[in-house]
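This report concerns only the one structure given below.
The values are calculated or read from the model by the stated rules, or taken from the named source; none is laboratory data. Here the structure is a predicted model, which is why all the values come from computation and not from measurement. All Cβ positions, glycine included, derive from the backbone under ideal geometry; neighbour counts span all protein chains shown.
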Amino acid sequence: MDFALFPTLFFVVLKLASNAAADIACADPSALVPLLRAFNGGDHFYTTNLTEMDQVAISLDGYSFEGEAAFIWTTQQPGTVPLFRLDNVQKNDHFYTISPDELGIMLNLGWTYDTAINHTAGYVYPYSICGASPIYQLFNSTVVDHFYTMDVDESIRSQFQNQGIAGYAILPSANGTFVPGSAKPFFLPNSVSATAGAQVSSSTTSTCANPSDAIPLLRAYNVAVFDHFYTINSTEMAGAEPLGYGFEGDAAFVWSTQEGTTVPLYSLFSQALNDHFYTIDPTEADQAQQSGYALDITSNAGYVYPYSVCGASPIYRMYSDSFKDHFYTMSITESQNADNTVYVIEGVVGYALLSSVDGWPQTATASASPLFLPVEIASASSVLLTLAPSGVPAATTTFGFDSTFSAPSPTTTISHNAASQKPLSLYTALGLATIAMWISL
C-alpha cells in the first residue's frame, strides 16, 4: 500500500534559552557551508560533504548534482538544532527533519539513520531569527520522494504536496533558487522578525487560532503618494478610497482578536513620509516611533503568528527608499517583481493564512477563503512556543487619514467565508501513525 506520513503535532524544543526574555545569539555566519542538492530521478539527496556528493552520490549512486540549496552549519551553533537525515533503501527516499517526534515515527515506518555524521545533514534554526528563511518540505506520494527547497515558486509543483516548513536556513540567493555553484549567503535583515527572546518562553505548548475566525487583511495602494495600506476593517478601507487609495484585494487572512499564540500586527504611520508601517516587534515599533512614526490606534491590522505553526505562511516585507514605502505580500513572486524595480526585501514580518495558493492577493472578491500549509506537518516541523508577555508600545498620538476620520466600526462587518480546518490532536495523530505502521507491516 502507498506510504503515508502522519507526524505528530508535538515538538519538543531543544536547548531553549534559560532566560525567556533574553535574545538568543546568532550562529556564526562565517561558519556557513552550502547544503548541496542532487537528484537521481526518484530521490532528492542533500549533504554538506563535497566528497560524499562527488564520490558516493554522483559516482556510485547515479545522482546528478543540481546546486547549492541552502546555507547551514556543520556543527551546532547558538540557536540552531540538528537537521536529522534518514534513508529508506527500499523506497529510495531520503528524509530530513528537526522534529524528534517525527524522527521516531519515520524510524518506526522503515527509515533508518544513514552514514551522515551524528545522523544529521547539519544544523539549522528552528524558527525565523538572525536573517534565516524557511526551508519548504514537499512530498510526492507516488514515487515516495521528499523534496526540500527555499524557493517558494519551485515548491508549487503539481506532483508534490506542500508539507510545511522543515526548518530555517540562510538563502542561497535572494529568491531562494538553488545555485549551480559559488553561491553566497543571502540574509534577511535581523530586525524584521520579532526577536528570539520575544518568541521564546518557558512554555513549549502552542495553541492554534480558530481558522474559522480568520478574516481578510485588506490591501490598498495610493499611487499619488506611493503608500501601501492594510486593514481588517472594511469601513476604514471604504474611507481610504476617496483619499486616493485603490483597493487591491485580500492580502492575507489574520485574526481580529488575539487567539492562540498569535501576536498583534502593530500599525504605524509617518505623516511626513506618507508611509504605513507594520511590525509584530514591540521594540521595532518603539524605534519607529522615535523616527517619526506614530502608533495608529484607530487602525487595526489584526493578529498573526510570530513563527510558522498551524498552517501559516510568511508575510514578506519590502521597502522602497525612493518611494519611502513599506509593502507587504505573501507572494514571493510579487516580492521578486517589486525587488526588481525599486523595492528591496527586508524579510518576514509574521505568518498568516494564504488568500491564494501562490500568495497573490484575491482581487476578484472580498470574500476569499484562506489556504493552509498542512497543519499536521507545518506544526510538527516548527517550534511550538508561546510568546513571553511583552509591553505594547506606547501610542504617541491618535490619527486617521484626516482629522475627521472616525474610529473604525466593528470588524464583524467584514464579509468573509473562512473555511474551517481543525488541526489534528496529538492523540489522533499518534493513532493515525499507529495505523500507518500497522499497514506497512
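Here are some notes:
- Candidates Leu138, Leu107, filtered to the one that is more than 25 Å from Asp28 (Cβ to Cβ) and touching a Leu at 6+ places or on another chain (Cβ under 8 Å): Leu107
- Among the residues making up the range 238-252, those that are within 27 Å of the chain's Cα centre (by Cα) and farther than 15 Å from Val349 by Cβ are Phe247, Glu248, Gly249, Asp250.
- Breaking point among (1) without any contact (Cβ under 8 Å) to a residue 60 or more places away in the chain; (2) buried (at least 19 other Cβ atoms within 10 Å of the Cβ), for Asp87: (2)
- Listed by first and then second residue, the pairs linking a residue in the range 171-187 that is hydroxyl-bearing (Ser, Thr, Tyr) to a residue that is assigned to a loop (DSSP other than H, G, I, E, B), with Cβ atoms under 7 Å apart and 6 or more places separating them unless they lie on different chains, are Ser173/Ala183; Thr177/Asp151.
- Of the residues making up the range 90-114, just one is in contact (Cβ under 8 Å) with a residue 60 or more places away in the chain and within 15 Å of Asn49 (Cβ to Cβ), namely Tyr96.
To keep it simple, each residue is scored yes or no on (1) modelled with pLDDT of 80 or more; (2) charged (D, E, K, R); (3) surrounded by fewer than 21 Cβ atoms within 10 Å (Cβ to Cβ); (4) touching a Phe, Trp or Tyr at 6+ places or on another chain (Cβ under 6 Å).
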| site | (1), (2), (3), (4) |
| --- | --- |
| Ser158 | no, no, yes, no |
| Gly167 | yes, no, no, no |
| Ser182 | no, no, yes, no |
| Pro211 | yes, no, no, no |
| Ala214 | yes, no, no, yes |
| Tyr221 | yes, no, yes, no |
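- Filtering Ile98, Ile72 for residues that are modelled with pLDDT under 95, assigned by TED's automatic domain parsing to the domain that holds Gln163 and among the β-branched types (Val, Ile, Thr) leaves a single hit, Ile98.
- Any hit, the range 280-291, residues being of a type in the set (Val, Ile, Thr) and within 18 Å of the chain's Cα centre (by Cα): yes
- Within the range 309-333, the residues that satisfy the criterion of being at pLDDT below 80 and over 10 Å from the mean Cα position of the chain (by Cα) are Cys310, Ser331, Ile332, Thr333.
- Residue within the range 132-152 that is assigned to a helix (DSSP H, G or I) and touching a residue at least 24 places away in the same chain (Cβ under 8 Å) present: yes
- Those residues of the range 35-49 which are at pLDDT 95 or above, outside any strand (DSSP E or B) and not polar (S, T, N, Q), in sequence order: Asp43
- Every pair of residues 6+ apart whose Cβ atoms lie under 6 Å, when the first sits in the range 48-64 and is at positive phi while the second is part of a loop (DSSP other than H, G, I, E, B) and not charged (D, E, K, R): Gly62/Asn40
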